[in-house]
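The values are calculated or read from the model by the stated rules, or taken from the named source; none is laboratory data. Nothing here was measured: the structure is a model prediction, and the numbers come from that model. Note that each Cβ is placed from the backbone with ideal geometry, even for glycine, and that neighbours are counted across all protein chains shown.
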Amino acid sequence: MSISDFFVAGGIVMVPLLAFSLLAIALILERLIFWQQVTKRQRRVVRDVLNLYPYDPQAAFQKLEKNSDLPIARVFLAALELEQPTPEEFRLALESAAQAELPILNRFSTVFETIIGTSPLLGLLGTILGLMQAFSVLRIGDIGGSTTTGVTGGISEALISTVSGLCVAIFTLLFANTFRGLYRRQLALIQEYGGKLELLYRRYYAHGRLPYLGLPKPER
């Protein structure tokens, strides 16, 4: 059976299943590129920033600006751009910026869940419609005749939609779970590195040395 015959045999539900599969592939590619860029550069950038910050805050700030496409760099910048914050304000800035990054990190998760949940149901619907059509041509008393042969062939074709729906759902589920794991790991890293940056800032604040980029120090 050719691809076109396979598609036609699945019935009308193959159209939305095809749309779901193309959409899933496009979104998966986008997420793969996104996470590849994040995981490849992030650890090195954050490590350099945390090493630079105690000795040269200006250089650390500039390195973050050059890598502002990274979520954690934007979180750090949101806190470092504040004008002479207290440690509590610094912490709140980190937390607020981290919350703002959540939709970006978890992007398309709702679409993936919709595809995973709907594709098998569409496949089942296609099978039911196919069975209804196959049994509609069955005549009572014609058991073993040519009509019965057509019905069995129709049943096998009707199951194509179920197989297609399951394939789309399983394929999408594998990548969606991978992205969900990367999302959770990213949250843990933001909390870990954010905590380290906050500790460094608290040391500056405790000694009355606020590491600001050209901003005047507060009068004591």
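For the range 104-124, the set of residues classified as more than 16 Å from Leu174 (Cα to Cα) and loosely packed, with under 15 Cβ neighbours inside 10 Å consists of Ile104, Leu121, listed by residue number.
In this structure, is Ser119 touching a residue at least 12 places away in the same chain (Cβ under 8 Å), of a type outside the set (Val, Ile, Thr), within 15 Å of Phe20 (Cα to Cα) and in a helix (DSSP H, G or I)? Spell out the reasoning first.
Values: touching a residue at least 12 places away in the same chain (Cβ under 8 Å): yes; of a type outside the set (Val, Ile, Thr): yes; within 15 Å of Phe20 (Cα to Cα): yes; in a helix (DSSP H, G or I): yes.
For Ser119, the condition - touching a residue at least 12 places away in the same chain (Cβ under 8 Å), of a type outside the set (Val, Ile, Thr), within 15 Å of Phe20 (Cα to Cα) and in a helix (DSSP H, G or I) - is met.
Within the range 66-108, the only residue that satisfies the criterion of being free of Cβ contacts under 8 Å to residues at least 12 places away in the same chain, polar (S, T, N, Q) and closer than 20 Å to Gln36 by Cβ is Ser68.
Would you please name the residue that is modelled with the highest pLDDT, looking only at residues in the range 42-93 that are charged (D, E, K, R) and in a loop (DSSP other than H, G, I, E, B)?
Of all residues in the range 42-93, those charged (D, E, K, R) come to 43-44, 47-48, 56, 63, 65-66, 69, 74, 81, 83, 88-89, 91.
When the remaining residues are screened for being in a loop (DSSP other than H, G, I, E, B), the result is 56, 69, 81, 83.
Values: Asp56: 85, Asp69: 90, Glu81: 87, Glu83: 82.
Ranking the candidates gives Asp69 first.
Within the range 1-39, if we keep just the residues that are surrounded by 13 or more Cβ atoms within 10 Å (Cβ to Cβ) and among the polar types (S, T, N, Q), the residue that is modelled with the highest pLDDT turns out to be Ser21. Within the range 62-85, can you find the residues that are within 18 Å of Arg203 (Cα to Cα) and crowded, with 20+ Cβ neighbours inside 10 Å? Correct list: Phe76, Ala79, Leu80.
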